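Read the structure below first, then the notes.
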């Protein structure tokens, strides 16, 4: 069986959450409303406090895209990546992905972000597989309902296990890079968990479990089996 390297996107491969970056894009495009700003602020607060549920995230995404034409949203998603998203990719992220590829591991972007938002990031980083949140589309428009379970918390694990079964992946030999306490189920599901610039709750959990914690990707002196990453300084 092969090993894979699973990467969270927001605040892991990027230096900022895509929902906050999306607000910046909407403002530049003259599309930002107070309602959307308030919704994102509330989402971020619940997320940081580990109070955001899968239903809460589904309602947020539903309100964000309900009634939008798929083609229009895809156009904005591409413009968002080109104007803001590309510049938010963490330094060294592409090198880390390439290190895993060179080691024979399958690279997978595993994120709770909407698929149309995540896809350009995967393409740019040469990550061939993107597992993200899919929203229902009927008649070329978003209905505001999720299409299957969200790729969030335990939902990430379900998606990763299904992918592993389909592609002959051994999760015990695989890697996952995540930044949030909400990534804990997925970090526990692989044999090589790595906390990247973790939030307070995950930082505490990673220290307790003896997991590697990194603040940035770079060229560090690590065992040959580990791609080049720069370890965080001791607290």
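Going by what's in this entry, would residue 86 be described as surrounded by 17 or more Cβ atoms within 10 Å (Cβ to Cβ) and within 15 Å of the chain's Cα centre (by Cα)? So residue 86 does not fit the description; no.
Take residue 178 and tell me if it is surrounded by fewer than 22 Cβ atoms within 10 Å (Cβ to Cβ) and either modelled with pLDDT under 95 or in contact with a helix residue (DSSP H, G or I) (Cβ under 8 Å, 6 or more places away or on another chain) (or both). Spelling it out, it is not the case that residue 178 is surrounded by fewer than 22 Cβ atoms within 10 Å (Cβ to Cβ) and either modelled with pLDDT under 95 or in contact with a helix residue (DSSP H, G or I) (Cβ under 8 Å, 6 or more places away or on another chain) (or both).
Considering the conditions (1) at pLDDT 95 or above; (2) farther than 27 Å from residue 171 by Cα; (3) not in a helix (DSSP H, G or I), residue 31 is excluded by exactly one of them, (1).
Yes/no matrix, rows are residues, columns are (1) touching a strand residue (DSSP E or B) at 6+ places or on another chain (Cβ under 8 Å); (2) assigned to a helix (DSSP H, G or I); (3) exposed (fewer than 15 other Cβ atoms within 10 Å of the Cβ):
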{"residue": "57", "(1), (2), (3)": "yes, yes, no"}
{"residue": "71", "(1), (2), (3)": "no, yes, yes"}
{"residue": "75", "(1), (2), (3)": "no, yes, yes"}
{"residue": "91", "(1), (2), (3)": "yes, no, yes"}
{"residue": "100", "(1), (2), (3)": "yes, yes, no"}
{"residue": "110", "(1), (2), (3)": "yes, no, no"}
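Between 193, 198, 128, the distinction of being without any contact (Cβ under 8 Å) to a residue 24 or more places away in the chain and closer than 26 Å to residue 82 by Cβ belongs to 128 only. Looking only at residues in region 116-138 that are crowded, with 18+ Cβ neighbours inside 10 Å and part of a helix (DSSP H, G or I), which one is nearest to the chain's Cα centre (by Cα)? Here the residue is 118. Residue pairs whose Cβ atoms lie under 6 Å apart, separated by 6 or more positions or on different chains, with the first residue in region 131-157 and at positive phi and the second part of a helix (DSSP H, G or I), are 140/70; 144/62; 153/182; 153/185. Give the residue, chosen from 82, 50, 11, that is part of a helix (DSSP H, G or I) and at positive phi. On inspection, the qualifying residue turns out to be 11.
The residues in region 14-28 that are in contact with a strand residue (DSSP E or B) (Cβ under 7 Å, 6 or more places away or on another chain) and either free of Cβ contacts under 8 Å to residues at least 24 places away in the same chain or in a helix (DSSP H, G or I) (or both) can be counted, and the count is 1. Reported count of residues in region 156-191, each being part of a strand (DSSP E or B), farther than 21 Å from residue 53 by Cβ and within 17 Å of the chain's Cα centre (by Cα), is 3.
The values are calculated or read from the model by the stated rules, or taken from the named source; none is laboratory data. The model shown is predicted, which means the values in this text are computed figures rather than measured ones. Neighbour counts run over all protein chains shown; Cβ positions are idealised from the backbone, glycine included.
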